[in-house]
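The values are calculated or read from the model by the stated rules, or taken from the named source; none is laboratory data. From a predicted model like this one, the values you see are computed outputs, not experimental measurements. Here Cβ is always computed from backbone atoms with ideal geometry, including for glycine, and neighbour counts include all displayed protein chains.
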There are 2 protein chains.
Amino acid sequence: MISVGIDLGGTNIKAALVHKTDGFIDTISLPTHAEMGKDHVFDRIAMAIDELIENNDVKPIGIGMGLPGMVSLDRQTVKNPPNLTGWKVENVSKELKKRTGLDCVIENDGNLAALGSARFGAGTGFDSFIMITLGTGVGGGIIFKKKIYRGTTGMAAELGHVIIDYHGPLSNSNTRGGIEAYLGQRFLSRYAADRIRQHPDNTLFKTFSKDFDLLEPVDLYHAAKDGNELAIDILKKTGEKLGYAIVNYVHILDIKKIIVSGGVAKAGKFIFEPAKETASQLLMPPFLEGFDIIYETLGNKAALLGAASLAFEEL
Amino acid sequence: MISVGIDLGGTNIKAALVHKTDGFIDTISLPTHAEMGKDHVFDRIAMAIDELIENNDVKPIGIGMGLPGMVSLDRQTVKNPPNLTGWKVENVSKELKKRTGLDCVIENDGNLAALGSARFGAGTGFDSFIMITLGTGVGGGIIFKKKIYRGTTGMAAELGHVIIDYHGPLSNSNTRGGIEAYLGQRFLSRYAADRIRQHPDNTLFKTFSKDFDLLEPVDLYHAAKDGNELAIDILKKTGEKLGYAIVNYVHILDIKKIIVSGGVAKAGKFIFEPAKETASQLLMPPFLEGFDIIYETLGNKAALLGAASLAFEEL
């Protein structure tokens with residue numbers, strides 16, 4: 001069985017043909033051109049799908065699509081997706097059915113990253129896990145008994161907006177001291193710049209003092225690997241923050257496998273080890289049995305595979 | 001259909017005969033005498049049940065029982081319940097079956113307070129809600145689609161140990177800045193005493209300065225009702241803390257009805273209004289639709305009715 005997976009972002013449309021058990025058959029990526037309006041975006045998605053089908057001469061059973069924003073419980077309509085100019089309440093499934101003739105289900109991209117991990121990635125071994133996606137923002141999804149936990153209105157797992165310090169910094173939302181305000185890429189970079197400015201003798205200062213806006217988490221990672229104590233400490237403090245948030249997820253959900261994915265997650269053990277240590281100290285002892293933090297190596301492909309999996313399971 | 005509900009605490013055993021739709025038929029309360037050992041406690045529970053059955057001449061279908069501590073997924077065994085001297089891993093169902101001939105299922109008392117509310121209380125109108133129990137400690141339960149959400153090992157909804165300030169005060173666990181450290185009865189009293197000590201002209205100071213250990217949340221409530229600005233502010237600050245925790249529950253679970261029960265909850269609007277205001281400011285806007293905080297008037301009876309309901313549903 002073959003389906004189409006789409007990962008729609010503000011910058012790129014990623015599309016794939018996916019076989020239910022074997023995974024990727026073919027993939028395409030093209031710029032979203034969101035600024036040209038939603039009809040243009042739907043046309044471009046349909047174009048990518050047509051190209052995939054023609055090039056591979058297959059008949060997919062339908063389309064599964066991930067995108068940012070709030071998805072309705074019937075998995076057809078999205079509401080005010082961020083980074084997609086001019087989108088309000090849009091019946092995405094109808095628009096794509098009209099253009100491709102294929103049935104289409106949609107889902108929040110964090111939930112699909114979790115589903116992709118559950119079907120093809122680090123999550124395959126677990127009935128239940130919490131997926132944290134660390135990127136520009138912090139998001140995620142909850143897999144409970146092999147299915148996406150969606151809550152009462154499809155918005156569950158806003159993991160980035162879980163407070164760990166009510167008098168902490170703001171991030172992109174009105175939630176103060178949410179974990180995104182520490183681990184979101186921009187916020188981590190800003191925190192790192194503030195720390196580095198106090199150490200003019202550090203190689204990171206020498207490299208970035210001309211323009212700290214160029215500093216990215218990956219630079220911290222490389223410096224940490226080279227033994228830069230300041231970089232190691234910045235990532236350690238950041239990992240500790242992640243640990244506090246994980247305590248909150250685990251104490252509420254009683255799900256003890258944590259899978260972390262995304263750009264910032266590449267800082268690897270320099271973030272994960274402190275996160276695990278902090279969570280292990282603060283979790284109530286019965287929650288420690290089976291507790292683990294695992295890195296998802298699928299990266300961005302998790303959401304695309306999750307999108308295709310959604311089509312297999314819902315169409 | 002009639003069942004027996006038991007609410008076992010460190011101080012009292014409460015037992016009830018409950019009709020599936022009509023509620024309480026008869027209730028009994030007797031001291032637990034936990035210090036006399038577990039066999040004695042099981043004997044006393046069986047005695048209470050026999051008495052209820054004889055006095056009312058009924059044939060209950062079985063026993064549902066709530067108690068503190070970790071309950072196994074098969075709802076038979078409890079592990080290290082706090083306040084019950086000498087209990088380790090105990091098959092409570094087997095012990096009661098032996099003594100009464102009746103089948104028995106057990107469950108964590110926070111979960112049963114939620115189930116009681118769902119079947120007989122403020123929760124009857126909702127498919128899904130979060131129950132917060134405010135007492136000596138802070139606990140709770142999650143009802144999702146009319147059933148207890150138990151997580152992967154039966155320990156879900158440790159709501160008191162959700163961090164709102166990672167450098168905050170300790171409570172009874174190793175979790176720092178958990179909500180119990182602000183709303184647990186002892187912690188609230190301590191915070192209040194610290195505030196009152198700074199206002200020797202306040203009537204609360206005059207009443208309690210001889211022994212601040214006698215100050216209880218209910219005293220703050222009465223003072224607040226009388227217009228005592230300090231008491232109002234203490235309860236307001238406490239309510240705000242509850243608001244932060246609620247933001248965390250809602251952002252993770254996407255369950256937007258919050259039911260609050262228990263002793264501290266009697267401080268009513270002086271805590272709830274600030275909690276609601278704080279949560280409303282900090283929740284992401286889509287979560288505000290349908291968001292509400294409701295007071296459970298069943299009080300301690302919620303857990304007892306929940307215990308009986310468990311018997312109806314599981315036996």
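Would you mind stating whether B:ILE234 is more than 19 Å from the chain's Cα centre (by Cα), crowded, with 24+ Cβ neighbours inside 10 Å, among the aliphatic types (A, V, I, L, M) and farther than 19 Å from A:VAL162 by Cα? Full working, then the answer.
Values: more than 19 Å from the chain's Cα centre (by Cα): yes; crowded, with 24+ Cβ neighbours inside 10 Å: yes; among the aliphatic types (A, V, I, L, M): yes; farther than 19 Å from A:VAL162 by Cα: yes.
For B:ILE234, the condition - more than 19 Å from the chain's Cα centre (by Cα), crowded, with 24+ Cβ neighbours inside 10 Å, among the aliphatic types (A, V, I, L, M) and farther than 19 Å from A:VAL162 by Cα - is met.
I need a count of the residues in the range B:251-280 that are assigned to a loop (DSSP other than H, G, I, E, B) and either under 20 Å from the mean Cα position of the chain (by Cα) or more than 14 Å from every other protein chain (Cβ to nearest Cβ) (or both).
Of all residues in the range B:251-280, those assigned to a loop (DSSP other than H, G, I, E, B) come to B:254-256, B:262-263, B:268.
The next check asks that each one be either under 20 Å from the mean Cα position of the chain (by Cα) or more than 14 Å from every other protein chain (Cβ to nearest Cβ) (or both); those that pass are B:255-256, B:262-263, B:268.
Total satisfying the criteria: 5.
Got a sec? Which of A:LYS94, A:LYS59 is of a type in the set (D, E, K, R) and closer than 30 Å to B:MET284 by Cβ? Full working, then the answer.
Values: A:LYS59 fails: closer than 30 Å to B:MET284 by Cβ.
Exactly one residue qualifies, and that residue is A:LYS94.
How many residues does the range A:155-167 hold that are crowded, with 19+ Cβ neighbours inside 10 Å and more than 16 Å from the chain's Cα centre (by Cα)?
Quick first cut of the range A:155-167, residues crowded, with 19+ Cβ neighbours inside 10 Å only: A:155-166.
Among the residues that remain, those that are also more than 16 Å from the chain's Cα centre (by Cα) are: A:163-166.
The total comes to 4.
Determine the pairs where a residue that is on the phi > 0 side of the Ramachandran plot, located within the range A:258-273, has a partner that is polar (S, T, N, Q) with Cβ atoms under 7 Å apart, the partner being 6 or more residues away or on another chain.
A:GLY262/A:THR133
Looking only at the range A:126-155, which residues are facing another protein chain (nearest Cβ under 7 Å), on the phi < 0 side of the Ramachandran plot and without any contact (Cβ under 8 Å) to a residue 24 or more places away in the chain?
A:THR152, the sole residue that qualifies.
Tell me whether the range A:68-76 contains one or more residues that are closer than 17 Å to A:ASN12 by Cβ, under 25 Å from the mean Cα position of the chain (by Cα) and in the same structural domain as A:THR11 (by TED's automatic domain parsing). Walk me through it before giving the result.
From the range A:68-76, those closer than 17 Å to A:ASN12 by Cβ are A:68-69; that's our starting set.
Next, from what is left, pick out any that are under 25 Å from the mean Cα position of the chain (by Cα): A:68-69.
With in the same structural domain as A:THR11 (by TED's automatic domain parsing) added as a condition, the list becomes A:68-69.
Yes, the range A:68-76 contains a residue that is closer than 17 Å to A:ASN12 by Cβ, under 25 Å from the mean Cα position of the chain (by Cα) and in the same structural domain as A:THR11 (by TED's automatic domain parsing).
For the range B:120-142, what are the residues that are in contact with a Gly (Cβ under 7 Å, 6 or more places away or on another chain) and within 19 Å of B:ASP7 (Cα to Cα)? Even if it seems obvious, please write down each step before you answer.
To start, the set of residues in the range B:120-142 that are in contact with a Gly (Cβ under 7 Å, 6 or more places away or on another chain) comprises B:120, B:129-141.
B:PHE120, B:MET131, B:ILE132, B:THR133, B:LEU134, B:GLY135, B:THR136, B:GLY137, B:VAL138, B:GLY139, B:GLY140, B:GLY141, listed by residue number.
Restricting attention to the range B:42-66, and to residues there that are among the aliphatic types (A, V, I, L, M) and touching a Ser or Thr at 6+ places or on another chain (Cβ under 6 Å), which single residue is surrounded by the fewest Cβ atoms within 10 Å (Cβ to Cβ)?
Applying the first criterion (among the aliphatic types (A, V, I, L, M)) to the range B:42-66 yields B:45-49, B:52-53, B:58, B:61, B:63, B:65.
With the extra rule that they be touching a Ser or Thr at 6+ places or on another chain (Cβ under 6 Å), the set shrinks to B:46, B:49, B:61.
Working: B:ALA46: 19, B:ILE49: 24, B:ILE61: 16.
The extreme case among them is B:ILE61.
Can you tell which of A:VAL78, A:VAL105 is closer than 30 Å to A:TYR295 by Cα, assigned to a strand (DSSP E or B) and without any contact (Cβ under 8 Å) to a residue 40 or more places away in the chain?
Working: A:VAL105 fails: without any contact (Cβ under 8 Å) to a residue 40 or more places away in the chain.
Of the residues listed, the single one that is closer than 30 Å to A:TYR295 by Cα, assigned to a strand (DSSP E or B) and without any contact (Cβ under 8 Å) to a residue 40 or more places away in the chain is A:VAL78.
Which of the residues spanning the range B:281-294 are of a type in the set (Asp, Glu) and under 21 Å from the mean Cα position of the chain (by Cα)? Spell out how you get there, then give the answer.
Start the filter on the range B:281-294 by keeping residues that are of a type in the set (Asp, Glu), which leaves B:289, B:292.
Of everything in the range B:281-294, just one residue is of a type in the set (Asp, Glu) and under 21 Å from the mean Cα position of the chain (by Cα), namely B:ASP292.
Within the range A:21-68, can you find the residues that are of a type in the set (Val, Ile, Thr) and under 15 Å from A:ASP7 (Cα atoms)?
If we filter the range A:21-68 for residues that are of a type in the set (Val, Ile, Thr), which is where we start, we get A:21, A:25, A:27-28, A:32, A:41, A:45, A:49, A:53, A:58, A:61, A:63.
Those that are of a type in the set (Val, Ile, Thr) and under 15 Å from A:ASP7 (Cα atoms): A:THR27, A:ILE28, A:THR32, A:VAL41, A:ILE45, A:ILE49, A:ILE63.
Among the candidates B:LEU52, B:LEU112, single out the residue that is in a helix (DSSP H, G or I), closer than 19 Å to B:LEU315 by Cα and not small (Gly, Ala, Ser). Talk me through it step by step, then tell me what you get.
Details: B:LEU52 fails: closer than 19 Å to B:LEU315 by Cα.
Unique residue meeting the criteria: B:LEU112.
Checking the conditions here, which among A:VAL250, A:VAL218 is β-branched (Val, Ile, Thr) and within 30 Å of B:ILE179 (Cβ to Cβ)?
Details: A:VAL218 fails: within 30 Å of B:ILE179 (Cβ to Cβ).
Answer to the check: A:VAL250.
Here is a list of conditions, (1) farther than 26 Å from A:TYR149 by Cα; (2) touching a helix residue (DSSP H, G or I) at 6+ places or on another chain (Cβ under 9 Å), and A:GLY227 meets all of them except one; can you say which number that is?
Evaluating A:GLY227 over (1) farther than 26 Å from A:TYR149 by Cα; (2) touching a helix residue (DSSP H, G or I) at 6+ places or on another chain (Cβ under 9 Å) leaves (2) as the failure.
Kindly indicate which of B:LEU283, B:LEU204, B:LEU214 is surrounded by 16 or more Cβ atoms within 10 Å (Cβ to Cβ) and more than 14 Å from every other protein chain (Cβ to nearest Cβ).
Values: B:LEU283 fails: more than 14 Å from every other protein chain (Cβ to nearest Cβ); B:LEU214 fails: surrounded by 16 or more Cβ atoms within 10 Å (Cβ to Cβ).
Going through B:LEU283, B:LEU204, B:LEU214 in turn, just one is surrounded by 16 or more Cβ atoms within 10 Å (Cβ to Cβ) and more than 14 Å from every other protein chain (Cβ to nearest Cβ): B:LEU204.
Can you tell which of A:GLY243, A:GLY290, A:GLY239 is outside any helix (DSSP H, G or I) and outside the structural domain of A:LYS14 (by TED's automatic domain parsing)?
One residue alone meets the criteria, A:GLY290.
So is A:GLY184 in contact with an Asp or Glu (Cβ under 9 Å, 6 or more places away or on another chain) and of a type outside the set (Phe, Trp, Tyr) or not?
It is false that A:GLY184 is in contact with an Asp or Glu (Cβ under 9 Å, 6 or more places away or on another chain) and of a type outside the set (Phe, Trp, Tyr).
So, in the range B:33-49, exactly how many residues are outside any helix (DSSP H, G or I) and over 13 Å from B:GLY9 (Cα atoms)?
Of the range B:33-49, the ones outside any helix (DSSP H, G or I) are B:33, B:37.
Restricting the remaining residues to those that are over 13 Å from B:GLY9 (Cα atoms) gives B:37.
Looking only at that region, the number is 1.
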